[in-house]
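The values are calculated or read from the model by the stated rules, or taken from the named source; none is laboratory data. Predicted model only: the values in this text are computed from it and were never measured. Cβ coordinates were reconstructed from backbone atoms using ideal geometry, including for glycine residues, and neighbour counts include every protein chain displayed. Areas reflect the complete protein model, heavy atoms only, side chains present, ligands, DNA and RNA absent. Shrake-Rupley method; radii C 1.70, N 1.55, O 1.52, S 1.80 Å.
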Amino acid sequence: QVQLVESGGGLVQPGGSLRLSCAASRSIFSTYAMGWYRQAPGKQRELVATLTSGSSTNYADSVKGRFTISRDNAKNTVYLQMNSLKPEDTAVYFCNAHPRGVIGDEWDYWGQGTQVIVSS
């Protein structure tokens with residue numbers, strides 16, 4: 001089993017920055033791809049960014065150039081650096097771990113989420 005715990009959310013003004021953290025209960029980055037998702041009120045959960053064990057990254061078009069996903073292997077932690085935040089970035093952000101080579105999401109692990117509110 002893997003436990004994922006997100007932190008770093010909060011209230012920030014438009015144009016500000018936050019860094020979210022996702023701490024895993026054990027070393028998993030060699031066998032799992034990591035991702036950040038978000039869900040705004042009344043909307044479906046959407047993929048924000050992914051980071052594979054080979055360090056390939058992908059971003060949603062809405063956050064390209066503003067968000068950066070990274071990891072610290074020694075700390076078993078994945079980060080999402082969010083800059084130039086906009087009100088439409090307001091959502092609960094979730095950390096996800098997906099096993100390499102597996103089709104489907106039945107073996108994925110999820111954190112409980114951390115709230116980000118961008119408002120003046």
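Points to keep in mind about this one:
- Residue match in region 108-120 (condition: outside any strand (DSSP E or B), open to solvent by less than 70 Å² (accessible area, probe 1.4 Å), free of Cβ contacts under 8 Å to residues at least 24 places away in the same chain and under 15 Å from GLU46 (Cα atoms)): no
- Residue check for SER30: more than 15 Å from the chain's Cα centre (by Cα), modelled with pLDDT under 95, outside any strand (DSSP E or B) and not β-branched (Val, Ile, Thr): yes
- When THR50 is tested against (1) open to solvent by less than 50 Å² (accessible area, probe 1.4 Å); (2) modelled with pLDDT under 95, just one condition goes unmet, and that condition is (2).
- Hits in region 5-31 - residues which are open to solvent by less than 30 Å² (accessible area, probe 1.4 Å), over 23 Å from VAL118 (Cβ atoms) and in contact (Cβ under 8 Å) with a residue 60 or more places away in the chain: ALA24, ILE28
- Members of region 92-107 that are farther than 17 Å from GLY42 by Cβ, among the aliphatic types (A, V, I, L, M) and either modelled with pLDDT of 95 or more or open to solvent by 70 Å² or more (accessible area, probe 1.4 Å) (or both): ALA97, ILE103
- Selection from region 36-47 of residues that are more than 14 Å from ALA97 (Cα to Cα) and open to solvent by 70 Å² or more (accessible area, probe 1.4 Å): GLN39, PRO41, GLY42, LYS43, GLN44, ARG45
- Within region 3-31, being hydrophobic (A, V, I, L, M, F, W, C) and under 27 Å from TRP107 (Cα atoms) holds for LEU4, VAL5, LEU20, CYS22, ALA23, ALA24, ILE28, PHE29.
- Residue ID - most open to solvent (accessible area, probe 1.4 Å), chosen from residues in region 53-72 that are under 18 Å from HIS98 (Cβ atoms) and either among the aliphatic types (A, V, I, L, M) or at pLDDT 95 or above (or both): ASN58
- For SER84, the requirement of being in contact with a Gly (Cβ under 9 Å, 6 or more places away or on another chain), among the hydroxyl-bearing types (Ser, Thr, Tyr), open to solvent by 60 Å² or more (accessible area, probe 1.4 Å) and under 15 Å from VAL116 (Cβ atoms) is met.
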